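One structure, pasted below without further comment.
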Amino acid sequence: MFEWKNIFRGVLIGTSDLIPGVSGGTIAVILGFYERLIAAISGFFSREWKKHLGFLIPLGIGVGAALLLLSKVMKWLLAEHPQPTFFFFLGLILGILPFLWKEADGSRNFKPVHYVILLIAAAAVACTGFFKPEDHSPVIELSLSSGIFLFFAGWLGSMAMILPGISGSFVLLLLGAYPTAIHALSSLDIPLIAVIGSGVIVGFIVSSKFIRYLLTSFPVIMYAIIIGMVVGSLGVVYPGLQESWVSLIVSLLTLIIGFIAALYLGKQQPQ
């Protein structure tokens with residue numbers, strides 16, 4: 001049976017993956033189905049792939065619809081209203097932390113070593129915000145070298161997409177492939193989408209199985225890492241403040257809206 005509510009989940013994940021600094025994995029955690037998502041992606045590439053179709057197909061429809069339909073909208077928001085947009089996602093990230101702490105039962109399960117792991121993970125993600133990628137023009141025509149580069153960029157980006165706190169689009173930005181990805185989606189350039197998408201699929205296969213193993217074998221350590229990554233992503237997403245009072249007030253409102261939305265979604269029990 002198809003889980004059609006996953007279309008909505010997919011739209012949210014696809015929208016977040018369009019924004020450098022915001023992780024689709026973080027949105028999956030907020031919505032309360034991160035572990036199931038990893039299990040479904042990993043299981044799809046196994047002998048039991050059929051049983052995961054009802055979960056993954058609606059999710060994929062939502063992600064694809066967001067990527068194709070909202071790429072121009074997100075491009076406009078980031079160009080015209082970057083501060084309120086990023087503050088909304090800051091609110092989402094802040095709102096997820098109480099939920100993650102409760103899920104991990106951190107006050108009882110965390111020992112000093114777990115706090116150290118948390119701080120290391122937070123610092124590692126936060127440090128990516130110091131990288132200032134140069135402006136890159138999008139690839140318009142594919143060549144062998146550009147095709148290989150975009151394939152591996154999609155691979156690395158997808159491995160980051162399903163990790164909470166690490167943005168796949170930010171990885172593409174650091175590699176210089178983000179303008180090409182946005183151009184391909186907004187203009188429906190099928191060859192470019194196919195090359196990058198192939199890398200994304202390979203990345204999902206490799207990373208989902210590895211992450212599922214870690215979540216099963218070392219759950220407390222993985223929660224410490226995930227919480228640290230989410231905390232560190234705050235530094236990456238934070239856009240700075242403009243001098244305009246209007247912009248500041250709007251940004252604070254979007255932050256509050258994002259925070260409340262995360263608290264609400266985090267309280268919903270996954271089916």
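The values are calculated or read from the model by the stated rules, or taken from the named source; none is laboratory data. Keep in mind that what you see is a predicted model, and the values were worked out from it rather than measured. Virtual Cβ from ideal backbone geometry, glycine too; neighbours counted across all protein chains shown. Areas reflect the complete protein model, heavy atoms only, side chains present, ligands, DNA and RNA absent. Shrake-Rupley method; radii C 1.70, N 1.55, O 1.52, S 1.80 Å.
Only one of (1) closer than 21 Å to residue 70 by Cα; (2) open to solvent by 30 Å² or more (accessible area, probe 1.4 Å); (3) at pLDDT 85 or above is not met by residue 173, so which one is it?
With respect to (1) closer than 21 Å to residue 70 by Cα; (2) open to solvent by 30 Å² or more (accessible area, probe 1.4 Å); (3) at pLDDT 85 or above, residue 173 is out only on (3).
Another question, if that's okay. Write out, first by first residue and then by second, each pair whose Cβ atoms fall under 9 Å of each other, whose residues are 6+ apart or on separate chains, and whose first residue, in region 115-132, is open to solvent by 100 Å² or more (accessible area, probe 1.4 Å) while the second is at pLDDT 85 or above.
119/228; 119/231; 120/225; 120/228
Would you mind telling me which numbered condition in (1) under 16 Å from residue 161 (Cβ atoms); (2) assigned to a helix (DSSP H, G or I) residue 19 fails?
Residue 19 satisfies every listed condition except (2).
Right, next: Return a yes/no flag: does region 235-251 have any residue that is of a type outside the set (D, E, K, R) and closer than 14 Å to residue 26 by Cα. Show your work before the answer.
Initial filter on region 235-251 (of a type outside the set (D, E, K, R)): 235-242, 244-251.
If we keep only those that are closer than 14 Å to residue 26 by Cα too, we end up with 236-237.
Yes: region 235-251 contains one or more residues that are of a type outside the set (D, E, K, R) and closer than 14 Å to residue 26 by Cα.
Filter region 1-34 for residues that are at pLDDT 80 or above and open to solvent by 70 Å² or more (accessible area, probe 1.4 Å); which is nearest to residue 233 (Cα to Cα)?
8
While we're on this one: Do we have any residue at all in region 243-253 that's in contact with a helix residue (DSSP H, G or I) (Cβ under 8 Å, 6 or more places away or on another chain), part of a helix (DSSP H, G or I) and closer than 23 Å to residue 119 by Cβ?
Within region 243-253, none of the residues are in contact with a helix residue (DSSP H, G or I) (Cβ under 8 Å, 6 or more places away or on another chain), part of a helix (DSSP H, G or I) and closer than 23 Å to residue 119 by Cβ.
Count, please, the residues in region 44-53 that happen to be modelled with pLDDT under 85 and closer than 24 Å to residue 16 by Cα. Before you say what the answer is, go through the steps one by one.
Here is the first cut: in region 44-53, the residues modelled with pLDDT under 85 are 44-51.
Adding the requirement that they be closer than 24 Å to residue 16 by Cα leaves 44.
Result for region 44-53: 1.
Quickly run through region 198-213 and pick out the residues that are at pLDDT 85 or above and either of a type in the set (S, T, N, Q) or crowded, with 19+ Cβ neighbours inside 10 Å (or both).
198, 199, 200, 203
Pick from region 127-158 the residues that are at pLDDT 80 or above and in contact with a Ser or Thr (Cβ under 9 Å, 6 or more places away or on another chain): which of them is nearest to residue 78 (Cα to Cα)?
Per the criteria, the residue is 157.
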